[in-house]
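Quick notes on the structure that follows.
The values are calculated or read from the model by the stated rules, or taken from the named source; none is laboratory data. Computed from a predicted structure; not experimentally measured. Positions of Cβ are generated from backbone atoms using ideal geometry, with glycine treated the same way; all protein chains shown enter the neighbour counts.
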Amino acid sequence: MSKFNTVFIALLAITGSMILFTQNKAMSEEQKKPATMPLVADGNQQITLGAGCFWCVEAVFNRLDGVISATSGYMGGTNPKPTYEDVIRKNTGEVEVVHLVYDPKKISTETILQWFWKAHDPTQADGQGGDRGPQYLSTIFCHSPEQLKVAINSKLIAQKQFMDPIATSIKMAAKFHPAEVYHQDYYRLNKNKNPYCQAVIAPKMKKLNLENKADTGK
């Protein structure tokens, strides 16, 4: 990504944050509370992915057949009850993530990770595009030793697609903290309200041929 594009996206992120701050003032207290923990029914599996702004990541995985729920949140830090304001201060160790619950009979872990590698640039070591900082690091949080092996192998396969080394870290999952309700399904609800959605997420969805695929709002 060129320096101009990085600066442009950074400005969009700032503008989007200002709009979010304005929206926040008008939100109900219920919207500011953490979302509910996603349910994992028998036979389903879960994986937690960090790939930059969780609005972007959630928008992608919400459109994949076999994904039952995609919940934006935080993982990997030291704060027992992190908020968005805590995380953007960059001192809690939390990563913006999307926690996926999926039906392995309909979509495999390998396929989910193939989408993960396509949905962002995993060679960026300090964030994604104009979103810079430890909360935007590319990370795979695994929920079983078997899943860890799959992720490590997937990374080795994906490396062949990139000239630069992949910077993605692969770890066992820590406690997942759902983000505030107003962050959930953000792209679908705000695509025409926030310029960040229009300039950053929409082109990504078009590139991945997902823009016209139904968003179930999971």
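The set of residues in region 84-109 being assigned to a loop (DSSP other than H, G, I, E, B) and either crowded, with 22+ Cβ neighbours inside 10 Å or modelled with pLDDT under 95 (or both) consists of R89, K90, N91, T92, G93, E94.
Residues in region 80-111 that are in contact with a His (Cβ under 8 Å, 6 or more places away or on another chain) and over 16 Å from Y136 (Cα atoms): 1 in all.
For region 110-119, check the following and say yes or no: at least one residue is over 16 Å from the mean Cα position of the chain (by Cα), surrounded by fewer than 19 Cβ atoms within 10 Å (Cβ to Cβ) and either outside any loop (DSSP other than H, G, I, E, B) or of a type outside the set (S, T, N, Q) (or both). Yes; the residues of region 110-119 include at least one that is over 16 Å from the mean Cα position of the chain (by Cα), surrounded by fewer than 19 Cβ atoms within 10 Å (Cβ to Cβ) and either outside any loop (DSSP other than H, G, I, E, B) or of a type outside the set (S, T, N, Q) (or both). Every test in (1) in contact (Cβ under 8 Å) with a residue 60 or more places away in the chain; (2) closer than 21 Å to A35 by Cβ; (3) among the acidic types (D, E) is passed by E85 save one, and that test is (1). Only one entry of D42, D65 meets the criterion of being more than 16 Å from the chain's Cα centre (by Cα), of a type in the set (D, E, K, R) and over 17 Å from M205 (Cβ atoms), and that entry is D42. Counting only helices (runs of 4 or more DSSP H) that sit wholly inside region 121-218, those with at least 3 residues that are more than 14 Å from the chain's Cα centre (by Cα) and under 26 Å from T83 (Cβ atoms) are 186-190.
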